[in-house]
Amino acid sequence: GAVVSQHPSWVICKSGTSVKIECRSLDFQATTMFWYRQFPKQSLMLMATSNEGSKATYEQGVEKDKFLINHASLTLSTLTVTSAHPEDSSFYICSARDQLDQPQHFGDGTRLSIL
Amino acid sequence: QKEVEQNSGPLSVPEGAIASLNCTYSDRGSQSFFWYRQYSGKSPELIMSIYSNGDKEDGRFTAQLNKASQYVSLLIRDSQPSDSATYLCAALSYSGAGSYQLTFGKGTKLSVIP
C-alpha cells in the first residue's frame, strides 16, 4: 500500500518553457502532499507543503509565482515550474501522507533538465 | 528550529558485517521516527518506522530509539552491496495548528564493500 505515482519521470525542454509535474496517491487519500527539490549530491530540500483545497505553504526562499502548486483533490497535486531556466534543472520529488502523524511516501521523482 | 543530525559519511563496511547508522534530533517533542533509503538518482524509500523507546526489528534491519538521549539508530545485519545507499533519518513532530512536520537529516552514505 501507500503508493505515490509521479509523472513524468524525465523532462528535457528549452529555457522559457513551463513544465507541469503530477503527483498522485494511488491507494490512499493524501490530505497533505509535499514537494522537494534535490540537487546532485545534496540533501532533500522541502519547497512547499500543499493541503487539499487550500493554498500551498512555501518554504523560505522558494518563489511561489515561479513554482505553482495545485492540490485540487485528495489524490492529485501538481507542480508547475513556470518559465523554467537552466538553474531550475534539478530532481523534483513529491511525497504524500494519508494521516497527519504517519510517514511520507515518495514518488519516483522527476528529473528536469532545462537547456 | 527543529534539526536532525547525521554523520554524512561515507561509512564503509565489508560485506556481511553490521552497519550502524546514527541520528540525533533536537526537538524533544518529536514523536515518530523514520529511516529512508535513497539510492543514487532515485527518490527516498521508507524502510523503518519506530515510535517508542527500544528496538524494532524487521528482517536484517533493527531500529533503536532512545527518547531520553534524543537518539535514533539503524543497524543493518549481514550487510550486502545492494545496501549501499544514502540513509535518511527523519523525525516527525507537531508544528502547531493541527500540522505535523517531518524533518530530515542530510543522510549518511553507506558503502558495503564486497
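Report, as an integer, the average count of C-beta atoms from other chains found within 10 Å of each Cβ along B:82-90.
1
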Open item on the list: I want to check the label-to-label distance for B:ALA97 and B:SER82. Put each point 7 Å from Cα in the C-beta direction and report it in nm to one decimal.
Closed with: 4.4 nm
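Return one quarter of the surface area of the convex hull spanned by the alpha-carbon atoms of the protein assembly as shown, equal to its mean projected area, in nm². Let's see the in-between values first.
Values: hull surface 49.9 nm².
Orientation-averaged projected area of the Cα hull: 12.5 nm².
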TODO: Taking the Cα centre of the protein assembly as shown as origin, sum charge times position over the Cβ atoms of Lys and Arg (+1) and Asp and Glu (-1), and report the length of that vector in debye to the nearest 20.
DONE: 340 debye
TODO: Check cross-link reach from A:LYS64 to the lysines: straight Cα distance under 18 Å, and skip same-chain residues fewer than eight apart.
DONE: A:LYS20, A:LYS55
Task: Net charge contributed by nearby residues that have their C-beta within less than 10 Å of A:LEU44 (K/R +1, D/E -1) - done: +2
Open item on the list: Residue by residue through B:36-47, how many Cβ atoms from other chains fall within 10 Å of the Cβ on average?
Closed with: 5
Open item on the list: If the reach is capped at under 23 angstrom between alpha carbons, list the lysines near B:LYS109, excluding any in the same chain fewer than eight residues apart.
Closed with: A:LYS41, B:LYS2, B:LYS42, B:LYS56
Open item on the list: Can you compute the label reach from A:ILE12? Point 7 Å from Cα along the Cβ direction, backbone N cut-off under 19 Å, restricted to region A:60-90.
Closed with: A:84-90
TODO: Using Cα centres only, tell me the gap between region A:30-69 and region B:32-73 in whole Å.
DONE: 24 Å
Task: R0 of 41 Å, Cβ-Cβ distance B:ALA68-B:SER40: FRET efficiency to nearest 0.05 - done: 0.70
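Can you tell me which of A:101-109, B:60-68, B:83-91 comes out highest on packing, and rank the rest after it, using the mean Cβ neighbours within 10 Å?
Going by the mean number of other Cβ atoms within 10 Å, highest first, we get B:83-91, A:101-109, B:60-68.
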Open item on the list: Whole percent per 10 Å bin, from 0 to the bin with the longest distance: what is P(r) over all C-alpha pairs of chain A?
Closed with: 16, 50, 30, 5, 0
TODO: Note down the net charge around B:SER30, summing +1 for each Lys or Arg and -1 for each Asp or Glu among other residues with Cβ under 10 Å from its Cβ.
DONE: +2
- [ ] May I ask for the Rg/Rh ratio of region A:69-112, computed from Cα atoms with Rh as the Kirkwood radius, given to two decimals?
- [x] 1.04
Open item on the list: I'd like to check one number: the per residue accessible area of region B:1-76, probe 1.4 Å, reported in Å² as a whole number.
Closed with: 51 Å²
Task: FRET efficiency estimate (nearest 0.05) - Cβ-Cβ, A:ASN51 to B:ARG28, R0 35 angstrom - done: 0.85
Open item on the list: Which one, B:SER69, B:GLY59, B:ALA97, is farthest towards the positive end of the dipole of region B:34-100 when Lys and Arg carry +1 and Asp and Glu -1 on their Cβ?
Closed with: B:ALA97
- [ ] From the P(r) of chain B, can you give the percent of Cα pairs sitting at distances over 21 Å?
- [x] 33 percent
Task: Paramagnetic label zone (point 7 Å from Cα along Cα-to-C-beta, A:LEU74; backbone N under 14 Å) in region A:18-45 - done: A:25-33
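The values are calculated or read from the model by the stated rules, or taken from the named source; none is laboratory data. Everything numeric here is computed off the predicted structure, so don't read it as measured data. Methodologically, a virtual Cβ is constructed for each residue, glycine included, from the backbone with ideal geometry; neighbour enumeration extends over all protein chains shown. Note: areas computed on protein heavy atoms with side chains; ligands, DNA, RNA excluded. Shrake-Rupley method; radii C 1.70, N 1.55, O 1.52, S 1.80 Å.
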